[in-house]
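So the structure is just underneath, and the comments pick up after that.
Every number in this text was worked out from the coordinates using simple rules, so none of it is lab data. Bear in mind that the values here come from a model prediction, so they are computed numbers and not experimental data. Glycine gets a Cβ as well: all are built from the backbone with ideal geometry, and neighbour counts include every protein chain shown.
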Amino acid sequence: MKQAPASGKDRGTPEASPPSTAHWLGQGLPGAVLFRWQAGGGPAGRFLSLGDGLAQTCGVTVPELMAEARRGWRLLPHSERATLIKALRAAQARQEGVALALRLRRADGTLRRMRLHAVPLPGSDSTQWDGVLLDLGPDETDPRLGEDAVWLDALNRLPFCVSLFDTSLRLHFVNDAHARWYGRPAAEMVGRKLDEFIGPTRYAALEPRLQAALRGQPSVFENQLQRDGVTHWRYNSMVPERAADGSVRGVMSIAIDDSVRRRAEIALAEKQAELRGLFEAVPDMVFYRDAEGIYRACNRAFEAFYGLRQGELVGRSYGDLYDPDTAERSRNEDLAAMRTGQAYRGEETLRGVHRSGVFDIIKTPVLDARGKVSGLIGIARDVTDRKRAEHEVERLAFYDALTGLPNRRLLLSRLQAALDEAAQLGHHGAVLFLDIDHFKDLNDILGHAAGDQLLQQIAGRLVERAAPGRSAARFGGDEFVLICENLGSDIEPALAEARRIAAELLAQLHGPFSIGERQHHASGSIGVALFGGGTALPADELLKRADLAVHQAKAAGRNTVRFFDPEMQARLRERSVLEADLRLGLGRDELRLHYQPVVDAGGRILGAEALVRWMHPTRGLVPPLAFIPLAEESGLILPLGQWVLRQACQQLVLWDRRAATRHLNIAINVSARQFRHPDFIDQVEEVLGTTGANARRLKFELTESLLFHDVEDILGKMGRLRARGVGFSLDDFGTGYSSLSYLKRLPLDQLKIDQSFVRDLLTDPNDAAIVRTTLGLALSLGLEVVAEGVETEGQFDFLRRHGCRSFQGYLFGRPLPIGEMEQQQGLLD
């Protein structure tokens, strides 16, 4: 059955740049070699692309011919070379195609009859040519005898469409491929004009090209056709056919189907448009930089931030958008990412046309088709509001609103860090506890506003005259603390330096202060406690020592300095006795676990926190604050913590046997010292294995002091335990210092708002603000929140209204032995 005639719209022009023939080459076209040639005068020049048929015919490889075009000329007998050079020069002069019969010498010395057709590319000034070399067979006879028959037979073997027109533009030859395209026998088409097969509209677009070829002017163009509902793209050339005397005797038309490549181009363009749509839909800033650091693309969010259109951005580099330091840092980050193949992630402050902001940036290497890094695609997410919220939480939690100095919470955190470092390095340091003399009298006489002014000015002097290694804080009321680190490794020089610093501090107070219109002369009492020298000491204990020394200074008449001395050791001796008793108590089964329930917003129990209690045979119930610090300092926290873990896991097993308690979790406190122990993971695995407890019902409560040292080791341990099923809660959130820096890195499930914030949240705006901010921060990070120390319905209601879902405190139950707690919560059968 005949196919319907092809119809379509001619979209090409003689001036249009044709597609490269490279996508047709190497296809092993029978009897034909397609090529593109860059002319250089005579034999000079080079192949831009070349099919492999010539190698098959003459035994010369394509790489050899591409590297040295003269090898191709040597395949021609001398007479043929002269003929070809003459024909090419004439064609270049006329700016028209060339058609020529040639002979090529094979590697075995035999000759092959060939037919060359080539046409100059539009716009190349006849310096670039597309052509086809047809193999007409062995040169067994005179190459002119029967040439037309051999020539036409070769054309018939070609897989693309070839037609020959006479001077009246009637078809006098149609090869088999062209006949199949039109669905007609070739004999039926010969002698007729093309418009009978393609229609007058399309023929009207082609006829000027045919007429131009009759005048000796070749053309190369592309057109688009519809055939059986399918779009086809064809690459066409029309060249004059010349007689032996050089006159034009007709036109040769070649049409090669380019549809596969063009469909691939269209699919690629559609995919690129789809990707561009996704690119633009991202609200974050997205950009692409090449391997040299040059911007090549960006989305609208990036353009808006920098006030540049994409066209203005392309071609710019780091220095055009960043300050020199940021540009150098960003370039080094890119180079490292491209060298390692690993994505970079970090935070950067960027300055746009209208504003600056903090951005979380991810830069990922991009590979080209050969697997080589071609550049980086980056995504910059604006986290300015989040960072502002974090900073506000930090300010409210860690800094005194009146003086701007670190408050007690931050002081304790910094002091503990200083103590840990001094113990590790063997250095000495000192804590100076300053109490302003007669401050109450000033408040009573001049009012609290005057007292506030004095405190602010004292804080200012502490900051202005602080030396490296010193950190000042407001402890509360009229009390200030100065931490002095690195006073030396020997005790006597450290003592002398602490005495000198204390005298200097008293001198700072003696200068007049401007209170309103009055000049006020202040004085203070200072207590000094040394620390370090390889001995670990809790921060609160050191502050107690300094506070005792302050009381001695006041008792000595004020405006003086006193050091913690042996007379203050009575309490320490008592602690020593208690430590010995605790060591014995661990072996005598004197320790107990009490459980305090954790409930949801409806008062339903979710689980409990296991709290250790010590039933001393003579002292009775010893408060945790009396022996837990002792255990930390002495190292007894390790066996104590192991005992608590085993008891809690055994209770989980008992709960798992009852439907009423199977869902409950148990949280236990794990000290920093215990968690850092190298065998801690193995100990947990051993307890879970021997008891059979469900690890997913076990939660470890960690304090922020855990993050002071070896953060990567801590994160690794948490990751291993998390994989085992154990959950993590950050205890007393907001009372430490470093949590905001590492919070997003920790594999946490939960934050616990410290009871110091909950206690006064109904009366203290700062505490209320901290609670609200913490709840918002936890929500954004996907963390649960437990509020500790809930004692009143008012606190409970406030927390619920602001999004808190878990609660712990006396309002729901005090810590009790397991049986009493279960009875209180209605968990007994």
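Placing +1 on each Lys and Arg Cβ and -1 on each Asp and Glu Cβ, with no other charges, gives the chain a dipole about its Cα centre of roughly 3280 debye. Taking a ≥ b ≥ c as the square roots of the eigenvalues of the Cα gyration tensor of the stretch 590-824, is the shape rounded (a/c under 1.5), prolate (a/b larger than b/c) or oblate? It is rounded, given that a/c, with a ≥ b ≥ c, falls under 1.5. Fully extending the segment from His354 to Asp565 would add 69.9 nm, taking 0.36 nm per residue of separation and subtracting the current Cα-Cα distance.
Over the Cα atoms of the chain, the radius of gyration divided by the Kirkwood radius equals 1.26; this is the Rg/Rh ratio.
The simple Förster model, with R0 at 45 Å and r as the Cβ-Cβ distance, assigns Leu367 and Arg662 a FRET efficiency of 0.30. Within the stretch 211-265, the trypsin sites (Lys or Arg not before Pro) that combine a DSSP coil assignment with at most 13 other C-beta atoms in a 10 angstrom radius are Arg215. Shown here for the stretch 439-532: trypsin sites (Lys or Arg not before Pro) in loop regions (DSSP other than H, G, I, E, B) with at most 14 other Cβ atoms within 10 Å, namely Arg465. Evaluate the relative contact order of the stretch 282-382 (contact order divided by residue number), counting alpha-carbon pairs under 8 angstrom at least 6 apart; express in whole percent. Rounded, it is 29 percent for the stretch 282-382.
Highest-first packing order for the peptide set 173-183, 610-620 is 173-183, 610-620, based on the mean count of other beta carbon atoms within 10 Å. Counting Lys and Arg as +1 and Asp and Glu as -1 over every other residue whose Cβ lies under 14 Å from the Cβ of Phe439, the net charge comes to -3. Using helices alone, what [θ] at 222 nm do you get for the chain, with -39,500 (n - 2.57) per DSSP H run of 4 or more residues, divided over all residues and rounded to the nearest 500? About -12500 deg cm²/dmol. Here the chain carries DSSP beta bridges of which approximately 85% are antiparallel, counting only pairs with both residues inside. If one takes the longest principal axis of the Cα atoms in the chain, at what angle in degrees, from 0 to 90 and to the nearest 10, does the Cα axis of helix 324-340 lie? Result, in degrees: 70.
Taking GluC sites (Glu not before Pro) that fall in a DSSP loop and have at most 16 other Cβ atoms within 10 Å as cut points, what is the longest piece of the chain between them? It runs 293-516. Could you please state, rounded to a whole Å, how far the C-alpha centre of the stretch 437-451 is from the C-alpha centre of the stretch 373-431? Spelled out, the Cα-based centre of one part sits 33 Å from the other. Computed from the C-beta positions of His551 and Glu464, the FRET efficiency with R₀ = 25 Å rounds to 0.30. Our note on the geometry: Cα centres of the stretch 504-520 and the stretch 624-676, 52 Å apart. The lysines whose alpha-carbon is closer than 25 Å to the alpha-carbon of Lys554, local same-chain residues fewer than 8 away aside, are Lys440, Lys544. Below 13 angstrom from the Cβ of Thr167, what's the summed charge of the other residues (Lys, Arg +1; Asp, Glu -1)? Local charge sum for Thr167: +3.
Cβ crowding within 10 Å, taken as a proxy for footprinting-reagent exposure, orders Tyr306, Tyr203 from fewest neighbours to most as Tyr203, Tyr306.
Annotation note: trypsin sites (Lys or Arg not before Pro) in the stretch 343-396 located in DSSP loop regions with a Cβ neighbour count of at most 16 within 10 Å are Arg355, Arg370, Lys372. For the chain, the longest principal axis of the Cα atoms and the long axis of helix 570-587 meet at an angle of about 70 degrees. Counting DSSP beta bridges in the stretch 590-824, what percent are antiparallel, to the nearest 5? Around 40 percent antiparallel, to the nearest 5. Other residues within the sphere of radius under 10 Å centred on the Cβ of Asp258, judged by their own Cβ, net out at +1 (K and R +1, D and E -1). With each label modelled as a point 7 angstrom along the Cα→C-beta vector, the Gln683-Ala449 pair spans 5.8 nm. The alpha-carbon of Lys193 sits under 30 angstrom from the alpha-carbons of these lysines, leaving out residues fewer than 8 places away in its chain: Lys2, Lys9.
Multiplying the residue separation of Ile294 and Thr326 by 0.36 nm and subtracting their alpha-carbon distance yields 10.0 nm. Each 5 Å bin from zero up to the one holding the largest Cα-Cα distance in the stretch 282-382 carries the following percent of pairs: 2, 14, 24, 29, 20, 8, 2, 0, 0.
Round to the nearest 10 and give me the degree value, 0 to 90, for the angle of helix 200-214's Cα axis relative to the longest principal axis of the chain. Tilt of helix 200-214: around 70 degrees.
Our summary gives the stretch 590-824 a relative contact order of 20 percent, counting only alpha carbon pairs under 8 angstrom and 6 or more residues apart.
Within straight-line reach of Lys387, meaning a Cα separation under 24 Å, sit the following lysines at least 8 residues removed in sequence or on another chain: Lys363, Lys744, Lys752.
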